[in-house]
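See below for the structure under consideration.
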Amino acid sequence: MANKKWAVKRLTINLASSEAQTLFEYCNTTGRPATDVIRELIRKLKATTNA
């Protein structure tokens, strides 16, 4: 995936404190950046809506 060129679109989201805490804890536990986690979740949404 390192060679893949991204069409960058910046997105700002508002999270409740508890949601942000959950995301940060997950990222700290897995060692993954929040951007990667969010992209993965979006891809899963796309996969489930096209099925």
(request) Could you tell me which of the residues LEU45, LEU11 is within 13 Å of the chain's Cα centre (by Cα) and either in a helix (DSSP H, G or I) or modelled with pLDDT of 95 or more (or both)? (result) LEU45
(message) For the range 25-38, give me each residue that is surrounded by fewer than 12 Cβ atoms within 10 Å (Cβ to Cβ) and part of a helix (DSSP H, G or I).
(response) GLU25, ASN28, THR29, THR30, THR35
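The values are calculated or read from the model by the stated rules, or taken from the named source; none is laboratory data. Model, not experiment: these values are computed from the prediction. In this analysis, Cβ positions are derived from the backbone assuming ideal geometry, glycine residues included, and neighbour counts consider all displayed protein chains.
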